[in-house]
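Let me begin by presenting the structure, written as structure tokens, before commenting on it.
The values are calculated or read from the model by the stated rules, or taken from the named source; none is laboratory data. Treat the numbers as computed from the prediction; the structure is a model and nothing was measured. Cβ sites come from the backbone with ideal geometry, for glycine too, and all protein chains shown count toward neighbours.
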Amino acid sequence: MARLEPTNGTMTAKQTLLAMRRILLAEDDESMRTFLERALTRAGCEVVSFNNGVDALERLKEEPFTLLLTDIVMPRMDGIELARRASELDPDLKIMFITGFAAVALSTASDAPNDARVLSKPFHLKDLVEEVERLLEV
């Protein structure tokens, strides 16, 4: 994947807009991951997706993203741990969880970032895109 590089020390308007809409997606269900990636790409976002939190975190160490969109229940590293580590790397990273277990998984005792949003499954793509756009507004 090509990185956004400044031209003559400044980014073009298009590069700036794309840089503001970079989403790191972590979802272990392949069909859901593909579904989400397509919808967000159609909405004008650049999406990089992984099937687990470990690989997603490694990518975040290499390049910046605007939003981490992650399932909570995943093998190897759950979404809450991924979000905690990701927010340590980039405190400005916006975080949204997608899950069928929101009420249980994000109790007040969890280590999830306080300002993280939660979208409970099942949800309509329109709701996902609207919530992502709200989060990405500057």
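Residue-by-condition table, conditions (1) at pLDDT 95 or above; (2) surrounded by 16 or more Cβ atoms within 10 Å (Cβ to Cβ); (3) more than 16 Å from residue 76 (Cβ to Cβ):
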{"position": "17", "(1), (2), (3)": "no, no, yes"}
{"position": "24", "(1), (2), (3)": "yes, yes, no"}
{"position": "29", "(1), (2), (3)": "no, no, no"}
{"position": "32", "(1), (2), (3)": "no, no, yes"}
{"position": "35", "(1), (2), (3)": "no, no, yes"}
{"position": "52", "(1), (2), (3)": "yes, yes, no"}
Residue set 88, 81; condition farther than 26 Å from residue 43 by Cα, at pLDDT 90 or above and within 14 Å of the chain's Cα centre (by Cα); output residue 81
